[in-house]
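This report refers to the structure that appears directly beneath it.
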Amino acid sequence: MFKKLNGLFVKKDKLDNEKELLQRIHQDRLPRHIAIIMDGNGRWAQRKGLPRSFGHRAGVESLRNIVKLCSELGINVITCYAFSTENWKRPKDEVSILMDLLVEYLNKEVDELHRNQVKINAIGRLEELPRQAQEALHRAFAITKDNQGLVLNLALNYGGRSEITDAVVKIAGSVSKGEIQISDINEQLVCDYLYTAGLPDPDLLVRPSGDFRISNFLLWQLAYTEFWLSDVMWPDFKRSHLLEAIIDFQRRDRRFGGLKKK
């Protein structure tokens, strides 16, 4: 038996499971910022005997569903690791497909995201992306810049070490210009020079695909982030998986280096 959910027909048992999970969510303890390593697209396709491009396209659908859920829940920010500085090492055809999918996603989804008050942002060395990708991003930024809902933060041509390196270079430049003094440098100032300036650090990191590493993602910002790992490949990652991650997060006692409260 099927029921309609968000314009799609979903099996009743899956819908009932999602409703049950939603009932277990505490709205007053939602993570403000969720970081997601969208991994496993290529392996998902290969296991099905399909080209890797099929996995990337299926991964876009997972992103669409997760963005909708986060918007519905009232999450402030999600940062999605879409393309790393190391991903340029992949075959040129695959890189080209990924960039085309980025442009396609932004152009197809921006109007609906705008209606739902989602603000599109991106971090990384964006100036090194192909021209069409840059144009699609800047169009999406312009359309959604005043929105007050979920911030969809896409990590593109992003690397944690590159981000810290770029911050150090900018800080050194500000010192040399006399804009700041060496004595002004502290953790908050470093945060202000990172790509994520103005955004809260992630409360929760979600990594599907069965790997146990952060892959050069948000190295500074993940200092006290709670991790939730899953064997599920990103194209198979459903709304229910994220709800399970949030429920698990809400069970945890976050001490930030302090002692457990009595």
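The values are calculated or read from the model by the stated rules, or taken from the named source; none is laboratory data. Keep in mind that this is a model prediction, so the values were computed, not measured. Note that we place each Cβ from the backbone using ideal geometry, even for glycine, and neighbour counts take in every protein chain shown. The area values use the complete protein model at the heavy-atom level, side chains included, leaving out ligands, DNA and RNA. Shrake-Rupley method; radii C 1.70, N 1.55, O 1.52, S 1.80 Å.
Can you pull out the residues in the stretch 156-181 that are of a type in the set (D, E, K, R) and buried (at least 16 other Cβ atoms within 10 Å of the Cβ)? Write out each step before concluding.
To start, the set of residues in the stretch 156-181 that are of a type in the set (D, E, K, R) comprises 161, 163, 166, 170, 177, 179.
Selection gives Glu163, Asp166.
Can you report the number of residues in the stretch 182-199 which are surrounded by 11 or more Cβ atoms within 10 Å (Cβ to Cβ) and in a loop (DSSP other than H, G, I, E, B)?
So the answer is 6.
Of everything in the stretch 139-155, what is open to solvent by less than 10 Å² (accessible area, probe 1.4 Å) and polar (S, T, N, Q)? Give them in sequence order.
Kept after step one, since they are open to solvent by less than 10 Å² (accessible area, probe 1.4 Å), are these residues of the stretch 139-155: 140, 144, 150, 152-155.
Scanning the stretch 139-155 gives Thr144, Asn153.
Give all pairs with beta carbons closer than 8 Å in which a residue from the stretch 83-98 that is free of Cβ contacts under 8 Å to residues at least 60 places away in the same chain and open to solvent by 30 Å² or more (accessible area, probe 1.4 Å) meets a residue that is among the hydroxyl-bearing types (Ser, Thr, Tyr) and in a helix (DSSP H, G or I); count only pairs at least 6 apart in sequence or on separate chains.
That search, which allows pairs on different chains as well, returns Ile97/Ser53.
Condition check ((1) open to solvent by 20 Å² or more (accessible area, probe 1.4 Å); (2) more than 30 Å from Leu50 (Cα to Cα)) across all residues:
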| position | (1), (2) |
| --- | --- |
| Asp201 | yes, yes |
| Arg213 | yes, no |
| Asn216 | yes, no |
| Thr225 | no, yes |
| Trp228 | yes, no |
| Val232 | yes, no |
| Lys238 | yes, no |
| Ile246 | no, yes |
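Within the stretch 60-81, count every residue that is over 13 Å from the mean Cα position of the chain (by Cα), aliphatic (A, V, I, L, M) and closer than 17 Å to Asp39 by Cβ.
Qualifying residue count for the region: 0.
Just to check your reading of the model, which residue among Glu179, Glu244 is in a helix (DSSP H, G or I) and modelled with pLDDT of 95 or more?
Details: Glu179 fails: in a helix (DSSP H, G or I).
The match here is Glu244.
Within the stretch 1-37, take every residue that is open to solvent by 60 Å² or more (accessible area, probe 1.4 Å) and assigned to a strand (DSSP E or B) and give me the one that is modelled with the highest pLDDT.
Among those that are open to solvent by 60 Å² or more (accessible area, probe 1.4 Å) and assigned to a strand (DSSP E or B), it is Lys11.
Restricting the first residue to the stretch 46-72 and requiring it to be farther than 14 Å from His241 by Cα and open to solvent by 10 Å² or more (accessible area, probe 1.4 Å), which pairs with a second residue that is in a helix (DSSP H, G or I) and hydroxyl-bearing (Ser, Thr, Tyr) meet a Cβ separation below 7 Å and a spacing of at least six or different chains?
Close Cβ pairs satisfying both conditions: Val60/Tyr105.
Among the residues of the stretch 106-138, which ones are assigned to a helix (DSSP H, G or I), closer than 16 Å to Leu69 by Cα and open to solvent by 60 Å² or more (accessible area, probe 1.4 Å)?
Listed by number, the residues that qualify are Glu112, His114, Arg115.
Here's a check for you: in the stretch 65-105, which residue that is of a type in the set (S, T, N, Q) and in a helix (DSSP H, G or I) is farthest from Pro235 (Cα to Cα)?
For the stretch 65-105, the residue satisfying everything is Thr85.
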